1. With a ≥ b ≥ c taken as the square roots of the eigenvalues of the C-alpha gyration tensor of the range 262-460, please select rounded if a/c is under 1.5 and otherwise prolate if a/b is larger than b/c or oblate if it is not?
2. What order do you get for 420-431, 267-278, 122-133 when each peptide is scored by the mean count of other beta carbon atoms within 10 Å, highest first?
3. Go ahead and collect, in residue order, the members of the range 380-412 whose backbone nitrogen is under 16 Å from a label point 7 Å along the Cα-Cβ direction of GLU275.
4. Assign one of three labels to the range 322-440, namely rounded, prolate or oblate, based on the Cα gyration tensor with a ≥ b ≥ c the square roots of its eigenvalues; rounded applies when a/c is under 1.5, prolate when it is not and a/b is larger than b/c, and oblate otherwise.
5. Sticking with the crude label model, points 7 Å out along Cα→Cβ, report the distance from ILE173 to ASN44 in nm, one decimal please.
6. What nm value, rounded to one decimal, do you get for the distance between SER222 and GLU204 when each label is placed 7 Å out toward the C-beta?
7. Under 5 Å between amide hydrogens, which residues at least 5 positions from THR454 or on another chain qualify, with H placed 1.01 Å from N in the peptide plane?
8. Measuring from label point to label point, each 7 Å out along Cα→Cβ, what is the ASP447 to LYS301 span in nm?
Amino acid sequence: MLLTITTTYSPATDLGFLLHKHPERLQTFDLAFGQVHVFYPEANTEKCTAALLLEIDSVGLVRRYHGQVRDNFALAEYVNDRPYVASSFMSVAIAKVFSSALSGKSKDRPELVETPIPLSVKLSTLPCRGGEIFLRRLFEPLGYTVHAERHVLDGRFPDWGESRYFSVTLDKICRLSEFLKHLYVLIPVLDDEKHYWVDEAEIEKLLKHGNDWLSDHPEQESIVNRYLKYQRRLTRQALSLLGETEVDDAVQAQEEEQIEDRIGLNEIRLTKTTEVIKQSGAKRVLDLGCGEGKLLRNLLKEKQFEEIVGMDVSHQSLKIAQKRLHYDRLPEKQKQRLNLLQGSLCYRDKRLEGYDAAAVIEVIEHLDASRLSAFERVLFEFACPQIVVLTTPNVEYNVKFENLPAGRFRHRDHRFEWTRTEFQSWASHISKRFGYAFTFHPIGPTDENVGSPTQMAVFSRESGDKSGLEIPPTREFSES
Ligand code: SAH
């Protein structure tokens, strides 16, 4: 499989600086699935072409996947189109071999990275599910001139018709990193396949390489669906991060409220949270997973809090929060105290650093268990506020909710609900790993057998400058 990148920028050999590959050298890189060779078929001041040749070791791949050659020899595993077409293997190769160019870095020529240059990319064989129409729909809105030539299925047998394979040339005057990002995402989208298991980490890659251009792309939904292999849980999250949420969070939140309503649990939770944060002396506060802004409303009433940030992954919830807080009608001074951010707690976010306190109320149970460790680092290692007030349902209490069928969680989107022991052991893991002391508090009416409906942990950073903040009192909260 061959991909070539040509420029007529003058001097064209500057392409070597952009790709971090010397035009006079042939270089070979070993990847898990074969080898990649980079070389320049032509390199002069008027025109320079870099070629990336992918050699996939299909036999090695099958052996590695199965640990050994299997007895029941499956021909399709050895004889398939993968070595000959541009696919997710190509995206991995681009990310590996042209990593600096992809992320727009150049040690020697930083100004060049920012310069739009005439570029032409040829892909010898690109599988396009959806045909030329879909190919054009992907690249033309991004400003590319597209030339596509369809291959017949087999030249010897014209009756067999046309294949889904195309030779494609894409032309555009732009920064090289922009071009590579489009290729990185869109090649596997056109192929509609991935050679590896797709999970949450794939959202991160999609956002890293697609954030600048996917939000406005008319085919955003098809791109996200194909890129994430139609896994609804993942596509919903990605679309929401890109600002296109179709999830009706409000309806689901209402269901949970109805279940817990009889005991006014939400109100108790929010009052206690505000009280604990206030007692810590915090001035700058984060409400992470703020939802529709109920805690934000309580926090705004307290003059002690000079800066309040609400963050949520859902645009829809943030819009509701803005409306419920009458943000547009707030006096200028109040407006300056409040900031609403869209973002995910599973990705490191510099905007969250340097705060005194963070509330994470009824949020962690919405995170996939596999993303919990990412969340832990984002909050306790990178944002690392002085105190964290975190609540989550106590699953043991569910037996006391008459209108909740046995074995069901309180909310359709909950990925887990913990017992008291599970929550405490998670809290003590946080404490050990990130250097936070913690106290544990029941919230809501406490039953002697099953405990309280909500459980709260208050984490206080053990080391570093506490800026005069006090650790909140460790007294138990129990309502009745
Ligand atoms: N804290 C609010 C809302 C709780 S509902 C309250 O107590 O009323 C859970 C909220 O977490 C939802 O608004 C959901 O959009 C948000 N959420 C889920 N996953 C998230 C993530 N990865 N990053 C940020 N917010 C998230």
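Computed from the coordinates by the stated procedures, all read-outs in this text should not be read as laboratory data. Please read these numbers as outputs of a predicted model, since none were measured by experiment. Neighbour counts run over all protein chains shown; Cβ positions are idealised from the backbone, glycine included.
1. On the way: a/c = 1.59, a/b = 1.33, b/c = 1.19.
Verdict is prolate for the range 262-460.
2. Values: 420-431: 15.5, 267-278: 19.6, 122-133: 17.5.
Final packing ranking: 267-278, 122-133, 420-431.
3. 389-391
4. Working: a/c = 2.16, a/b = 1.29, b/c = 1.67.
Judged from the Cα gyration tensor, the range 322-440 comes out oblate (a/c at least 1.5, b/c at or above a/b).
5. 2.3
6. Result: 3.0 nm between the two label points.
7. Residues meeting the criterion, in which the H sits 1.01 Å from N, are ASN394, ILE443.
8. 3.0
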